[in-house]
Amino acid sequence: MLTRTLTRLLLAAGLAATALSPVALAQRGGGGRPDAPSGPPGITLYSDTNLRGKTVELTSDQPNFNTIRFNDQARSIEVRGGVWLVCADGNYKGRCEYIDRTVRNLGEIGLSGAISSAKRVPYDKGPRSYDIAFFADGNYSGAFLGFDEGEANLSKFRFNDTASSVMINRGTWLVCEHADYRGQCELLDASIANLSTIGLNDKITSFRRYDVRREGPWRRPVTPAPTPIRDTRGGFQGEQTVFFPTPTTNGRRINDGSGAGTRFCQSMGFSEAVYKAPGPVLSDVVCR
């Protein structure tokens, strides 16, 4: 898999009632997966699983499979090129899925013997191509934003506090309420169709991969006691916070990266960093 952070924001609101109208709003980086087809746009639909049985080939949009006598018959699809939107009802309505590679059993995406329309969409990736994808609406519908890398703040993508469902295709992820992996955080290794079930609907602001082998089992941070023991050496203590102008560890300055401020504060016995100055090393850090 190529290393990159390629994002696509597709406006796909109203899946069940209207045809999708994807619009690209953001893109950083580039590069497709090496296993994704790169030939001319085209798909072959098969009446049986594992690319067997009766076939129909498409190289252009088909809003009604009745006209090609293949309505609700497809059980596997070979993708030769392009990204395709396949839908349960005619005119691209009902349940829809983006596919950009061969699917040997359409039951895996809930569309076995249930496709009535298909069209090519002008994007090189669908949500299942990303390691993690966030959706504005529940049940993996609405606008989506896909990533292969973590992000410390979704505000720059105008997707802060927007996600209502999340699709996890590869890896284990820590998703958090605030920027820099602060606030309520939950560890996810499977898709969540309704983020309300874990108390994070319209609340996710940052997320990152979580390596259980390296970082150990995830334990939700415990709220500090009213009078915790804290290390305030080198800091100036207020009523609720301590200010560290030049944080160090083992006598050395600390590199400023995503979540560095909070990690420093937690190492000192605090809950989180509420401010850090921009720059290559940590400075002017306020711990709460």
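Remarks
- Looking only at the range 260-284, residues that are among the small types (Gly, Ala, Ser) and in a strand (DSSP E or B) come to 1 in all.
- Qualifying residue in the range 51-59 (condition: in contact (Cβ under 8 Å) with a residue 24 or more places away in the chain and among the small types (Gly, Ala, Ser)): no
- Residues (in contact with a Pro (Cβ under 7 Å, 6 or more places away or on another chain) and of a type in the set (Ser, Thr, Tyr)) located in the range 85-139: Tyr92, Tyr98, Ser117, Tyr123
- Of all residues in the range 83-129 being out of contact with any Phe, Trp or Tyr (no Cβ under 9 Å at 6 or more places or on another chain) and among the small types (Gly, Ala, Ser), the one that is surrounded by the fewest Cβ atoms within 10 Å (Cβ to Cβ): Gly110
- Taken together, Gly94, Gly138 contain a single residue that is under 29 Å from Arg209 (Cα atoms) and either in contact with a helix residue (DSSP H, G or I) (Cβ under 9 Å, 6 or more places away or on another chain) or small (Gly, Ala, Ser) (or both), which is Gly138.
- Looking at Thr67, Thr59, Thr55, just one residue is more than 25 Å from Gly142 (Cα to Cα) and within 30 Å of the chain's Cα centre (by Cα), and that residue is Thr59.
- Residue in the range 152-174 that is surrounded by 18 or more Cβ atoms within 10 Å (Cβ to Cβ), assigned by TED's automatic domain parsing to the domain that holds Arg208 and out of contact with any helix residue (DSSP H, G or I) (no Cβ under 9 Å at 6 or more places or on another chain) present: yes
- Hey, Arg101 assigned by TED's automatic domain parsing to the domain that holds Leu58 and part of a strand (DSSP E or B) or not: no
- Qualifying positions in the range 140-168 - assigned to a strand (DSSP E or B) and of a type in the set (Phe, Trp, Tyr): Phe144, Phe147
- Test: residue in the range 13-22 that is touching a helix residue (DSSP H, G or I) at 6+ places or on another chain (Cβ under 7 Å), modelled with pLDDT of 95 or more and not in a strand (DSSP E or B): no
A quick yes/no check of all residues on (1) at pLDDT 85 or above; (2) in contact with a Cys (Cβ under 8 Å, 6 or more places away or on another chain); (3) surrounded by 13 or more Cβ atoms within 10 Å (Cβ to Cβ); (4) over 28 Å from Glu186 (Cβ atoms):
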| position | (1), (2), (3), (4) |
| --- | --- |
| Gly216 | no, no, no, no |
| Pro228 | no, no, no, no |
| Phe244 | yes, yes, yes, yes |
| Asp256 | yes, no, yes, no |
| Ala260 | yes, no, yes, no |
| Phe270 | no, yes, yes, no |
| Leu282 | yes, no, yes, no |
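The values are calculated or read from the model by the stated rules, or taken from the named source; none is laboratory data. Remember, predicted model here, so these are calculated numbers, not experimental data. Note: ideal-geometry Cβ built from the backbone for every residue, glycine included; neighbour counts use all protein chains shown.
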